[in-house]
Amino acid sequence: MSVIWDAKGSFKIFDDMPPRIAQIRLVSSHPQVYAPCDDSYALVDALLADRKKLIDHHPTICMEVGSGSGYVITSLALILKSESNSPHFFATDVNPHATLVTRDTLEAHEVHAELLTTNITSGLEKRLAGMVDVMVVNPPYVPTPEEEVGNGGLSAAWAGGENGRAVIDKILPVADNLLSEKGWLYMLFLAANDPLQICLEMRDRGYGSKIVVQRSTEEETLHVIKFWRESENQMEGSEGGSTPKSGSQKGWNYIFSQLSRLTFRETRQ
Amino acid sequence: MRLLTHNMLSSNIKGVINGFPLRIEVEKVIEKQVDFNPDFLKNMFSKIDWKALADASKIMGYAELPEEVPDASVLDSDEFLQKFHHALLELHLEEGALVCPETGRRFPVNKGIPNMLLHEDEV
Ligand SMILES: C[S@@+](CC[C@H](N)C(=O)[O-])C[C@H]1O[C@@H](n2cnc3c(N)ncnc32)[C@H](O)[C@@H]1O
C-alpha cells in the first residue's frame, strides 16, 4: 500500500501498486485442469504491457475463451477493476472442471466473471455479437494428430491438431463476430501455428495486428498478438503514425518482418 | 449466473430457430451485492431484451421491473436504475436449469455455471 499526497495536502491511498494480477498461491487447481504455465504468464504479461491502454479503452464487456485455472481472466479483472466503472466479464471453457476452478480462483481474488461451460462461446453468439470490447485467448495450440482434438479433460487444454490450428481456426471467426467496433483480441500462438498467416487472414477480415509479447523458452516460441478492427477510424491505442493509413502500414511491415524472420528461423531448424 | 448472462444466452442446438429466451427452472437463487455502475446500465439498456429480463426476474422472485419496455427516459431515474441493477447483476441462479423454448432440452446450472455442452446429435 502506498499513500500519495497531492499539492492540496489531501491524500490518496493506493492499495495495489504495482498493479495486481492473480496470485499463484490463490489460483485453484484440479488434476484435469491446465495449471498456469509459461504461455499463461506470457498472455498476462501482454495485458500488463497494455495495462494503460486497456484502462483508457473503457471496455464494457470483456471475455476469455478457455479460462482453465482462471489465472488470466482473474488478472484481467484485477487490472481493470475500478470502484465505479468495472467492466463485465465472461469466461468460458469446454471443460466443466475448468469453469469450476476458474470460479474458485476468481472468488479467492474477490472479482467476478460470468462462467459458462461451452464449446468456445456457443450459446452467446447470437445475442452477444458485436458487444465484446476485449477478448483474450490462450488456445490449445500444440500440433497433435487431429484425433486428439476435443477429447476433453486435460488433453483439450493443449491438443491443437494439424499445426495446432484446429481450435484456433474455429475461434478466430467467432471472435470476429463477437468483437465490438472498438474490440481488441489478445491471442497467444506458437511459432508452429504460423502466426504470420493468421495475421494475414485477420487482415482480410479487416484487422490490424501487432506482437505484444514474444518469448522463447527451451521448447517453444510464444507470441501474444493483439488484433483490432482497422476498418473505421479506430487506432490501436496510441499506436500508429499521424494518419491511420500510414500508421497501420508501418505496423504491418513491422509485424511482417518480425514474424517472417521467426518463421524462417524455425523452418531452418 | 446473472440475469445479464441469461439475457445473452440462446439455445445452441442445431436446427433450433427460436432459442431465446431460455426458460429458467429455479432450485436456488442467491443475491450478491455489486457496485452500482450507472454508466454500465445505460450502456446495456439498449442491448437488453426487456421482456426476457422482466420475466426472468419475476421467476427469480423479484417482480419490481415494469413488464412493458420502458422508454429510455427512465434512465434518468435513480430508482429505476437501482431496480435494473439489482435484477441484471445481483440475482444469481445458483442451482437450476435453462430450458430450450423450442425443444424442451434442459441445460443444467450448477454452482452458478450453466452447462451448454451439446451431445453429438445436437451439433
Ligand atoms: C492452454 S489452456 C489455457 C488455460 C488458461 N487460460 C491459461 O492461460 O492458463 C487452454 C484452455 O482452453 C480450453 N479449451 C480447449 N478447447 C476449447 C473449446 N473448444 N472451447 C472452450 N474452451 C476450450 C481448455 O479446456 C483449456 O482450459
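Taking each residue of segment A:56-77 that is among the acidic types (Asp, Glu) and looking for partners that are at pLDDT 95 or above and in a loop (DSSP other than H, G, I, E, B) with beta-carbon atoms closer than 8 Å, six or more apart or interchain, yields A:Glu64/A:Ala113.
Identify, by number, the condition in (1) outside any helix (DSSP H, G or I); (2) more than 11 Å from chain B (Cβ to nearest Cβ) that A:Asn163 doesn't meet. Condition not satisfied by A:Asn163: (1). Has segment A:132-155 got any residue that is over 18 Å from the mean Cα position of the chain (by Cα), in contact (Cβ under 8 Å) with a residue 60 or more places away in the chain and within 12 Å of the ligand (Cβ to nearest atom)? Yes, because at least one residue in segment A:132-155 is over 18 Å from the mean Cα position of the chain (by Cα), in contact (Cβ under 8 Å) with a residue 60 or more places away in the chain and within 12 Å of the ligand (Cβ to nearest atom).
If the condition is being over 21 Å from B:Asn110 (Cα atoms) and within 9 Å of the ligand (Cβ to nearest atom), then segment A:69-111 contributes A:Tyr71, A:Val72. Name the residues in segment B:48-89 that are surrounded by 13 or more Cβ atoms within 10 Å (Cβ to Cβ), free of Cβ contacts under 8 Å to residues at least 40 places away in the same chain and more than 21 Å from B:Leu22 (Cα to Cα), would you? Listed by number, the residues that qualify are B:Pro70, B:Val74, B:Leu75, B:Phe80, B:Lys83. When A:Ser155 is tested against (1) under 20 Å from A:Ile73 (Cα atoms); (2) more than 10 Å from every other protein chain (Cβ to nearest Cβ), only condition (1) is not met. Taking segment B:1-32, which residues are in a loop (DSSP other than H, G, I, E, B) and within 12 Å of the chain's Cα centre (by Cα)? Result: B:Met1, B:Leu9, B:Ser10, B:Phe20, B:Pro21, B:Leu22. For segment A:79-90, a residue qualifies if it is more than 10 Å from chain B (Cβ to nearest Cβ) and under 20 Å from A:Tyr34 (Cβ atoms), and exactly one does: A:Phe89.
Suppose we filter A:Ala175, A:Ala166 for residues that are in contact with a Leu (Cβ under 6 Å, 6 or more places away or on another chain), more than 23 Å from A:Glu218 (Cβ to Cβ), within 16 Å of the ligand (Cβ to nearest atom) and among the small types (Gly, Ala, Ser); which single one remains? Criteria check complete, one pass: A:Ala175. Here A:Thr117 passes the criteria (1) more than 14 Å from chain B (Cβ to nearest Cβ); (2) touching a strand residue (DSSP E or B) at 6+ places or on another chain (Cβ under 7 Å) except the one numbered (1).
Scanning segment B:43-71 for residues that are under 20 Å from B:Met8 (Cβ atoms), away from every other protein chain (no Cβ under 14 Å) and hydrophobic (A, V, I, L, M, F, W, C) yields B:Ala54, B:Ile59, B:Met60, B:Leu65, B:Val69. If I filter segment B:43-54 for residues that are in a loop (DSSP other than H, G, I, E, B) and touching an Asp or Glu at 6+ places or on another chain (Cβ under 9 Å), do I get at least one hit? The answer is no, given that none of the residues of segment B:43-54 is in a loop (DSSP other than H, G, I, E, B) and touching an Asp or Glu at 6+ places or on another chain (Cβ under 9 Å). For segment A:181-209, filtered to residues that are touching a residue at least 60 places away in the same chain (Cβ under 8 Å) and over 14 Å from A:Gly66 (Cα atoms), the residue that is surrounded by the most Cβ atoms within 10 Å (Cβ to Cβ) is A:Pro195. The residues on offer are B:Pro38, B:Pro21, and the sole one that is surrounded by fewer than 18 Cβ atoms within 10 Å (Cβ to Cβ), touching a His at 6+ places or on another chain (Cβ under 9 Å), at negative phi and not acidic (Asp, Glu) is B:Pro38. Inside segment A:39-98, can you point out the residues that are at pLDDT 95 or above, hydroxyl-bearing (Ser, Thr, Tyr) and surrounded by fewer than 24 Cβ atoms within 10 Å (Cβ to Cβ)? Selection gives A:Ser40, A:Tyr41, A:Thr60. Residue count for segment A:112-124 under the criterion of being more than 12 Å from the ligand (Cβ to nearest atom) and under 18 Å from B:Pro108 (Cα atoms): the result is 1. Is segment A:173-182 home to any residue that is modelled with pLDDT of 95 or more and more than 28 Å from B:Leu118 (Cβ to Cβ)? Yes; the residues of segment A:173-182 include at least one that is modelled with pLDDT of 95 or more and more than 28 Å from B:Leu118 (Cβ to Cβ).
For segment B:84-123, the candidate set comprises residues that are farther than 24 Å from B:Glu64 by Cβ, within 13 Å of chain A (Cβ to nearest Cβ) and part of a helix (DSSP H, G or I); within that set, the residue that is nearest to the chain's Cα centre (by Cα) is B:Glu122.
The values are calculated or read from the model by the stated rules, or taken from the named source; none is laboratory data. Nothing here was measured: the structure is a model prediction, and the numbers come from that model. Glycine also receives a Cβ, built like all others from the backbone with ideal geometry; neighbour counts cover every protein chain displayed.
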